[in-house]
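*Asks:* Here's a structure for you.
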Amino acid sequence: MNLTAERIFLRPLDVTDAHVLFEQTQDETLRYLTGTTATFSLEQIEQHILSIQADPTRFDFSLCLNSGEIIGECSILDIEADLKQAGFRISMRALPWTSQGYGTEAISCIFQFCFEELRLHQLELEVFSHNERAIAAYKKVGFHIVETIPDAVSYQGISFDEIVMRKWN
């Protein structure tokens, strides 16, 4: 199942994409923006992909240009069908892919899939307060701040708040 937009498409994440996710985990700027402190091996990422493929409460996608090049990934996770809600996250492969509208196109695909096909009523995400670009992008597509958790993450000795945002259908 692919989700398509004008310049990008989302396709199910595959174990062959592990090298791209591994590269993302090596990028210090992305690690800072996402608050990632753990390190991962390629094998750990491959095993993670295999385990999430078997999880019925989530959908994980590679975010690809129409050429097929992977520029990021996104997930609908912790789907609670009875409550009609789920979590969401998106990450670009590297900073040059940000601020070009690709994430906005991907999120539009996700909204259509979640709200029309899965019939969910709410998506929720968490973002750290120092990732101001992401917060602005999420607001632009309709997410609203519902909670701020002070000092939720520490990255290289500096504490940041966690911002919880929701989008309702």
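*Asks:* Quick one: net charge around N169, please, counting Lys, Arg +1 and Asp, Glu -1 for every other residue with C-beta under 10 Å from its C-beta.
*Replies:* +2
*Asks:* Same structure, new question: Zone of A54 (label point 7 Å along Cα→Cβ, backbone N under 17 Å): which residues in region 1-34?
*Replies:* Output list for this probe position: 14-16.
*Asks:* Figure the gain on full extension for E69 and Q112 (residue separation times 0.36 nm, minus the Cα-Cα span) and round it to one decimal in nm.
*Replies:* So the extension gain works out to 13.2 nm.
*Asks:* For region 62-169, state which trypsin sites (Lys or Arg not before Pro) are in a DSSP loop and have at most 10 other beta carbons lying within 10 Å of their beta carbon.
*Replies:* Of the trypsin sites (Lys or Arg not before Pro), the ones in loops of region 62-169 whose Cβ has at most 10 other Cβ atoms within 10 Å are R119.
*Asks:* If you don't mind, another one. State, to one decimal in nm, how far the label point of Q47 lies from the label point of W168, with both points 7 Å from Cα in the Cβ direction.
*Replies:* Spacing of the two 7 Å Cα→Cβ label points: 4.2 nm.
*Asks:* Continuing with this model, one more query. Could you work out the relative contact order of region 1-80? I mean the mean sequence separation of Cα pairs under 8 Å and 6+ apart, divided by the number of residues, in percent.
*Replies:* Over region 1-80, the number comes to 33 percent.
*Asks:* Specify the longest stretch of the chain that does not include any exposed loop site, a site being one of the GluC sites (Glu not before Pro) with a non-H, G, I, E, B DSSP assignment and at most 14 other Cβ atoms within 10 Å.
*Replies:* The answer is 70-169.
*Asks:* Helix-only mean residue ellipticity at 222 nm, the chain, DSSP H runs n ≥ 4 weighted -39,500 (n - 2.57), per residue, nearest 500. What is it?
*Replies:* -8000 deg cm²/dmol
*Asks:* Using a Förster distance of 35 Å, how high is the FRET efficiency between D14 and K140, based on the Cβ-Cβ distance and rounded to 0.05?
*Replies:* 0.70
*Asks:* Starting from 0 in steps of 10 Å, tell me what percent of the Cα-Cα pairs of region 105-148 lands in each bin.
*Replies:* Distribution as computed: 24, 53, 22, 1 percent.
*Asks:* Here's a follow-up. Give the calculated FRET efficiency between T148 and R7 to the nearest 0.05, with a Förster radius of 30 Å applied to their Cβ-Cβ distance.
*Replies:* Efficiency at R0 = 30 Å is approximately 0.35.
*Asks:* Can you give the net charge of the other residues whose Cβ lies under 14 Å from the Cβ of D55, counting K and R as +1 and D and E as -1?
*Replies:* Summing Lys/Arg as +1 and Asp/Glu as -1 gives -2.
*Asks:* For region 3-121, go through all pairs of different Cα atoms, get the mean of 1/r, take its inverse, and jot down that Kirkwood value in Å.
*Replies:* 14.8 Å
None of the figures in this text is laboratory data; all of them are computed from the coordinates on show. Bear in mind that the values here come from a model prediction, so they are computed numbers and not experimental data. All Cβ positions, even for glycine, are placed from backbone atoms using ideal geometry, and neighbour counts span all protein chains on display.
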